[in-house]
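Asks: If you scroll down you'll find the structure; I have some questions about it.
Each reported figure results from applying straightforward, stated rules to the coordinates on display, with no laboratory input. The structure presented is a predicted model; accordingly, all values stated were derived computationally and were not measured. Reconstructed Cβ throughout: ideal geometry from the backbone, glycine too, with neighbour counts over all protein chains shown.
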């Protein structure tokens, strides 16, 4: 048992830290804009800047344009990015999910075609998974893709697709054989978003952003080569994608949460409620400390998981990763709001605390226990696949 | 970055696991607790024969000179079976207090007997005011011609009635609080066991009525009681976390096994989501508690070797987190077991009582949370 970082891991941390110090994200003030459109444009410029310096997709193999660093170093990288206050990359779906998936399941020409654009941010990807009738029960999805000569003809409807209006590609999960048992007849396609027959309707989210969208497919024609992985074997690809999403986010998120806690302490010193600051209130101190404790433990837990994953690979334990951090984050955000007192009601402007970011984070945390499998689905997965409880 | 024990550490765990599987089959520790509130001498002697009491004690003082991680391998297995007996009091409290607070001569005098199990030690932390650290210690140590005369009352003392050596903080005439080693047979010392919620870990009351303590039994420097004990209690809190992890793992196994075989409405209750979700939470808590305890044990190991930097913060973080997870999980486990969970002969209640006992030892949640916020927001 040894939890210290190796000299080369330390050196890697120093290197990341030095680059971020010389290239602060503050050069793009629009990254913090309240307007999503402005934020996405700044995000593209920021991703390009990081990409030019070789800091995008650090965990990807070198042959595919990454740095080929270990999982530990990947986490170190995310920690340093968060510590520097730099934002999440605009193409986060592409980097964390699509890239690893294409590297594992894609054909050589797909890798050559898609990976460079994912890294540079020129091609933003969205996911076409959930449907109005297929949420938690994703395998009941109905969007059809029918082979018509050398093409697939796609018809159906997808929903909750983040960044779809800014995306050039969609990772689309479709039913290719309705006769097969439901998990078997599913396939995955790479669909250009400018294909005729696709309609995008942005949906306004709980915090006012129009980040996610509804997608309508009306006889959308894509070539057979759009298939990722094998025909009718897409469920396996979907599960791998979800494991990646659940784990990567959880393990790299600890420092982001540490920053929230630091912000909470600042707010507790500044914001007055009932004539005094939260930091002087014993109950508030206890609540903040509880958040600090849970965030520290996410850090310890992440270290344990890195070791596990390196030895045994990803798996159903990714549900534990997600369940723990998302529910903890919601408790933390509740505490953050309570610290602000009446200031928790002002969403922007000079009377808002930290330009309203704590409120945005509070609202956003409500999505965390829903996307990528709700907490209830994570609990079912843990019970069924890890504990082996009867169905 | 490797969270797994190394080969030697794993060997200690395996051997401890096998030892308890043989000596403490299910239900055995409940019988021990009912019979005597401690483990039988035979079991104690077998553990001593394996060298377990000497794990953290340096070789020059008769121990094995191993670290806190090795100690945690044994503690985890003891926690798994809820072992009664003075191991925790003697090795973690008594042993570490002597190691941290004693002079070289005092270590030579007492540690070898603790290490070979022939002497059981404990530390009398609490008094009637409920403080576990002797910031204001009502027990007095009056100077006499050849030593001290101790008078006062100590409460909630682990292994009080079994210990051969009791380390007692007491306030000297000049107001400084020092540690004194009181030997079991000393005239004026009365001990009694308090009827205790956690029957596997009975607490005692000590009355010191002019107990004569020779000068050489004052541990280390005068006035060192608070500093020594607060450090010992950090180690002790982490040791409890390790025990709790073992207990939690057992509770998870028991519960998963039970809900798979218990049939109601024609199906195993483990097939119902209401039960599944409790079990999933039990698993999540076990895994996160395990991470916290193992990380803390690693920090404690480094602290024993001289790097104290993260000890206090980590002890507080781990103590709060582990005891919350342990108590909530045992409560859920009892609920999932229905009437069986409320039954004396089924061992689950031992873990509930452990969880409640642990909560108040070496600082409760409020104490440790306050320490965490005092230690600041940006750590890594």
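Asks: Assign one of three labels to segment A:125-232, namely rounded, prolate or oblate, based on the Cα gyration tensor with a ≥ b ≥ c the square roots of its eigenvalues; rounded applies when a/c is under 1.5, prolate when it is not and a/b is larger than b/c, and oblate otherwise.
Replies: It is oblate, given that a/c is not under 1.5 and a/b is not larger than b/c.
Asks: So between residue B:265 and residue B:36, what do we pick up on full extension, going 0.36 nm a residue minus the alpha carbon distance?
Replies: 78.2 nm
Asks: Between 0 and 90 degrees, rounded to the nearest ten: what's the tilt of helix A:36-52 against the longest Cα principal axis of chain A?
Replies: Rounded to the nearest ten degrees, it is 80.
Asks: Shifting gears a bit: Of B:86, B:112, B:187, which has the largest mean-square fluctuation in a 10 Å C-alpha GNM of chain B?
Replies: B:187
Asks: Among A:292, B:1, which comes first, then next, by fewest other beta-carbon atoms within 10 Å?
Replies: Fewest-to-most Cβ neighbours within 10 Å comes out as B:1, A:292.
Asks: How many nm separate the modelled label positions at residue B:146 and residue B:207, each set 7 Å beyond the Cα in the direction of the Cβ?
Replies: Reported label-point gap for residue B:146 and residue B:207 is 2.7 nm.
Asks: Kirkwood Rh over Cα pairs of chain A into Stokes-Einstein at 20 °C, 1.002 mPa s: D in µm²/s?
Replies: In µm²/s, the coefficient rounds to 96.
Asks: Sticking with this one: Over the whole of B:268-280, what's the average partner chain Cβ count within 10 Å per residue? Rounded to a whole number, please.
Replies: Whole-number average of other-chain Cβ neighbours for B:268-280 is 5.
Asks: A further question on this structure: Hey, what number do you get for chain A at 222 nm if only DSSP H runs of n ≥ 4 count, each worth -39500 (n - 2.57), divided across all residues, to the nearest 500?
Replies: Taken over chain A, the calculation gives -15000 deg cm²/dmol.
Asks: Residues of B:246-259, mean number of Cβ from any other protein chain within 10 Å of their own Cβ, rounded to a whole number?
Replies: Mean partner shielding for this stretch: 1.
Asks: With equal scatterers on the alpha carbons only and no solvent term, can you work out the Debye log10 of I(q)/I(0) for segment A:253-386 at 0.10, 0.14, 0.20, 0.21 1/Å?
Replies: Result of the Debye calculation: -0.39, -0.69, -1.12, -1.19.
Asks: If you don't mind, another one. Using only the Cα atoms of segment B:66-194, each taken as one equal point scatterer with no solvent, compute I(q) by the Debye sum, divide by I(0), and report log10 of the ratio at q = 0.13 Å⁻¹.
Replies: Rounded to two decimals, the profile gives -0.56.
Asks: Considering just Cα atoms, how many Å³ per residue does the convex hull of segment B:7-120 enclose?
Replies: Normalising the Cα hull of segment B:7-120 by residue number yields 86 Å³.
Asks: Also, quick follow-up: Which order, highest average first, do A:49-58, B:62-71 follow once you tally other Cβ atoms within 10 Å for each residue and take the mean per peptide?
Replies: Put in order of decreasing packing, that is B:62-71, A:49-58.
Asks: Another question, if that's okay. Once you keep just the Cα pairs under 8 angstrom separated by 6 or more residues, what percentage relative contact order results for segment B:1-114?
Replies: About 29 percent, as a whole number.
Asks: What does segment B:1-61 give for Rg and for Dmax, in Å, if only its C-alpha atoms count?
Replies: Here Rg and the maximum Cα pair distance are 14.4, 45 Å.
Asks: Would you please give the FRET efficiency between residue A:168 and residue B:364, computed as 1/(1 + (r/R0)^6) with r the Cβ-Cβ distance and R0 = 56 Å, to the nearest 0.05?
Replies: With R0 = 56 Å, the Cβ-Cβ based efficiency is 0.50.
Asks: Shape of segment A:290-330 from its Cα gyration tensor (a ≥ b ≥ c, root eigenvalues): rounded if a/c is under 1.5, otherwise prolate when a/b > b/c, or oblate?
Replies: Oblate shape, in that a/c is at least 1.5 and b/c is the bigger or equal ratio.
Asks: Follow-up question, since we're still on this one. In peptide B:22-28, what is the residue-averaged number of other protein chain Cβ atoms found within 10 Å of each Cβ?
Replies: Shielding by partners across B:22-28 averages 0.
Asks: Moving on. Would you kindly state how much longer the chain becomes between residue A:180 and residue A:355 on full extension, computed as 0.36 nm times their sequence separation minus their alpha carbon distance, in nm to one decimal?
Replies: Contour length minus Cα-Cα distance gives 57.8 nm.
Asks: If one computes the Cα centroid of segment A:294-368 and of segment B:1-43, what distance in Å separates the two points?
Replies: A separation of 38 Å, based on Cα centres.
Asks: Another one. Quick one: grab the alpha carbon gyration tensor of segment A:192-321, order the square roots of its eigenvalues as a ≥ b ≥ c, and give me rounded if a/c is under 1.5, else prolate or oblate depending on whether a/b is larger than b/c.
Replies: oblate
Asks: Turning to a different aspect of this structure: Ranked by Cβ crowding within 10 angstrom, fewest neighbours first, how are B:103, A:347 ordered?
Replies: B:103, A:347
Asks: What spacing in nm lies between the two simple spin-label points modelled at residue A:276 and residue B:215, each 7 Å away from Cα in the Cβ direction?
Replies: About 5.1 nm separates the two model spin labels.
Asks: What percent do you get for the relative contact order of chain A when only Cα pairs under 8 Å and 6+ apart count?
Replies: Normalised by residue count, the contact order of chain A is 12 percent.
Asks: Now, a different point. Where does chain B land on Rg/Rh, using Cα atoms and the Kirkwood Rh?
Replies: That ratio is 0.98, to two decimals.
Asks: Report relative contact order for chain B in percent, whole number only (criteria: Cα-Cα under 8 Å, sequence separation at least 6).
Replies: Relative contact order here is 16 percent.
Asks: Based on the Cβ-Cβ distance from residue B:309 to residue A:49, what FRET efficiency comes out when R0 is 25 Å, to the nearest 0.05?
Replies: 0.10
Asks: In degrees between 0 and 90, to the nearest 10, how far off the longest principal axis of chain A does helix A:282-312 point, with axes built from Cα atoms?
Replies: 40
Asks: Write down the percent of antiparallel bridges among all DSSP beta bridges whose residues are both part of the protein assembly as shown, to the nearest 5.
Replies: Here the antiparallel bridges make up roughly 85 percent for the protein assembly as shown.
Asks: Between A:281, A:368, A:177, find the one with the highest GNM mean-square fluctuation for chain A; connect C-alpha pairs within less than 10 Å.
Replies: Per the Cα network of chain A with a 10 Å cutoff, A:281 tops the list.
Asks: Something else about it: Using the Kirkwood formula over every pair of different C-alpha atoms, what hydrodynamic radius in Å results for segment B:157-277?
Replies: Every distinct Cα pair counted, the radius reaches 18.4 Å.
Asks: Spin-label point model (7 Å from Cα, Cβ direction): what's the residue B:343 to residue A:22 distance in nm?
Replies: For residue B:343 paired with residue A:22, the spin-label model returns 7.0 nm.
Asks: Per the Debye formula with a single identical scatterer at each Cα and no solvent contribution, what log10 I(q)/I(0) holds for segment A:7-90 at q = 0.17, 0.26 Å⁻¹?
Replies: Summing over Cα pairs of segment A:7-90 leads to -0.69, -1.32.
Asks: If I fit a long axis through the Cα atoms of helix B:311-337 and take the longest principal axis of the Cα atoms of chain B, what angle between them do I get, 0 to 90°, rounded to 10?
Replies: 40
Asks: On to the next question. Rg and Dmax of the protein assembly as shown, Cα atoms, in Å?
Replies: 29.7, 107
Asks: Dividing the alpha-carbon Rg of segment B:225-374 by 2.2 N^0.38 Å yields what?
Replies: Working it through for segment B:225-374, the quotient is 1.17.
Asks: Tell me, what is the FRET efficiency for residue B:48 and residue B:131 to the nearest 0.05, using R0 = 30 angstrom and their Cβ-Cβ distance as r?
Replies: In this case the efficiency is close to 0.35.
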